[in-house]
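Step one of this worksheet: look at the structure below.
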């Protein structure tokens, strides 16, 4: 992936030199031309096309923003409720992500979402312990995290 990005920038700079116009719009045209050339020549490059991963990173970012907004609305509803009938607790999330980077990213995304906090990772990195402000059902909380954040992280990193 880094090789493709550098190659794309080199193509854009070469386009600027060939067109003898040294401004940002010419660079952007050359960059788009480089994307097209790399896409056409992708079978000669062993790594997958880098814009696929960029697209998945953007989807992960949009997923986080959506979860952030939804959980913030839930917290506001919870704070303004008349009767406090919450069930706070700690639950163990079995991890499918394996690398340190993936575990760290998952723990940070969970902690940045209001109402949840990552507490610890087990020694063997198989379990993440999470505190939630309200846990109506532990299994649904686990499946929510696995279906959203963990799945999106694995799509980005693998």
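The values are calculated or read from the model by the stated rules, or taken from the named source; none is laboratory data. In this text the structure is predicted, and so the values were computed from the model without any measurement. We place every Cβ from the backbone using ideal geometry, glycine too, and count neighbours over all the protein chains shown.
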Are any residues in the stretch 133-158 more than 12 Å from the chain's Cα centre (by Cα), within 25 Å of residue 56 (Cβ to Cβ) and in contact (Cβ under 8 Å) with a residue 12 or more places away in the chain, and if so, which ones? 141, 142, 145, 146
Among (1) touching a residue at least 40 places away in the same chain (Cβ under 8 Å); (2) within 23 Å of residue 59 (Cβ to Cβ); (3) touching a strand residue (DSSP E or B) at 6+ places or on another chain (Cβ under 8 Å) - the single one residue 111 does not satisfy: (1)
Any idea how many residues of the stretch 117-132 are in contact with a helix residue (DSSP H, G or I) (Cβ under 7 Å, 6 or more places away or on another chain) and either surrounded by fewer than 16 Cβ atoms within 10 Å (Cβ to Cβ) or in contact (Cβ under 8 Å) with a residue 40 or more places away in the chain (or both)? 3
Quick test of your reading of the structure: residue 72 fulfils all but one of (1) at pLDDT 95 or above; (2) over 12 Å from the mean Cα position of the chain (by Cα); (3) assigned to a helix (DSSP H, G or I). Name the failing condition by number. (1)
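So that you can scan it fast, the table gives a plain yes or no per residue for (1) under 30 Å from residue 117 (Cβ atoms); (2) touching a residue at least 12 places away in the same chain (Cβ under 8 Å):
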| position | (1), (2) |
| --- | --- |
| 12 | no, yes |
| 20 | no, no |
| 31 | no, yes |
| 43 | no, no |
| 49 | no, yes |
| 57 | yes, yes |
| 71 | yes, yes |
In the stretch 82-114, what residues are surrounded by 14 or more Cβ atoms within 10 Å (Cβ to Cβ) and modelled with pLDDT under 90? 86
